Amino acid sequence: QVQLVESGGGLVQAGGSLRLSCAASGRTFSSYAMGWFRQAPGKEREFVAVISWSGSRTFYADSVKGRFTISRDNAKNTVYLQMNRLNSEDTAVYYCAQHRTSYKLGYNINDFGSWGQGTQVTVSS
């Protein structure tokens with residue numbers, strides 16, 4: 001299966017920005033939709049964003065719409081999450097995930113079969 005490694009997390013003050021990266025290896029990267037999820041302390045893992053295999057379709061959770069942008073570079077086997085105007089509610093471990101199929105764009109946890117280790121994002125205020 002695919003191996004996913006997230007990077008780019010860290011500590012940032014409220015109103016600031018971060019860009020997360022997810023490098024993939026192993027299974028064919030460009031054939032699958034990719035997504036980002038996050039899990040805050042004491043909360044369930046929640047959907048953040050997803051992008052189709054070609055990059056032509058994206059979908060965002062309401063909580064991040066207008067602030068976050070998901071993108072991918074299939075030549076580099078990498079998916080990105082640009083996060084702007086961060087606030088304390090964005091503090092969480094962010095996970096990269098690969099979609100289970102190459103023909104359906106979903107945004108539920110069960111739609112994704114491979115997960116990275118996660119990267120911590122902490123927003124101070």
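The values are calculated or read from the model by the stated rules, or taken from the named source; none is laboratory data. Only a predicted model underlies this, so the values are computations on that prediction, with no experimental measurement involved. As a convention, Cβ positions derive from the backbone with ideal geometry for all residues, glycine included, and neighbour counts pool all protein chains shown. In case anyone asks, the SASA skips ligands and DNA or RNA and just uses the protein heavy atoms, side chains included. Shrake-Rupley method; radii C 1.70, N 1.55, O 1.52, S 1.80 Å.
Could you please give the count of residues in segment 20-38 that are part of a strand (DSSP E or B) and either touching a Leu at 6+ places or on another chain (Cβ under 6 Å) or within 17 Å of ASN74 (Cα to Cα) (or both)?
9
If we keep just the residues of segment 91-125 that are of a type in the set (Gly, Ala, Ser) and within 27 Å of ALA14 (Cα to Cα), which is surrounded by the most Cβ atoms within 10 Å (Cβ to Cβ)?
Filtering first and then ranking leaves ALA97.
From (1) open to solvent by 80 Å² or more (accessible area, probe 1.4 Å); (2) free of Cβ contacts under 8 Å to residues at least 60 places away in the same chain; (3) in a loop (DSSP other than H, G, I, E, B); (4) not aliphatic (A, V, I, L, M), pick out the condition that doesn't hold for GLN1.
(2)
Show the residue pairs meeting these rules: Cβ distance below 7 Å; 6+ apart or different chains; first residue within segment 56-67 and charged (D, E, K, R); second residue part of a loop (DSSP other than H, G, I, E, B).
If the second residue must be part of a loop (DSSP other than H, G, I, E, B), the pairs left are ARG57/LEU105; ARG67/ASN84; ARG67/ARG85.
Taking segment 70-86 as the search range and keeping residues that are open to solvent by 60 Å² or more (accessible area, probe 1.4 Å) and not polar (S, T, N, Q), which one is nearest to VAL48 (Cα to Cα)?
ARG85
Residues checked against (1) farther than 28 Å from SER54 by Cβ; (2) within 12 Å of the chain's Cα centre (by Cα):
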residue: SER88; (1), (2): yes, no
residue: TYR94; (1), (2): no, yes
residue: ALA97; (1), (2): no, yes
residue: ARG100; (1), (2): no, no
residue: TYR107; (1), (2): no, yes
residue: SER114; (1), (2): no, no
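Of these, GLN98, GLN117, which one is closer than 11 Å to CYS22 by Cβ and in a loop (DSSP other than H, G, I, E, B)?
Exactly one residue qualifies, and that residue is GLN117.
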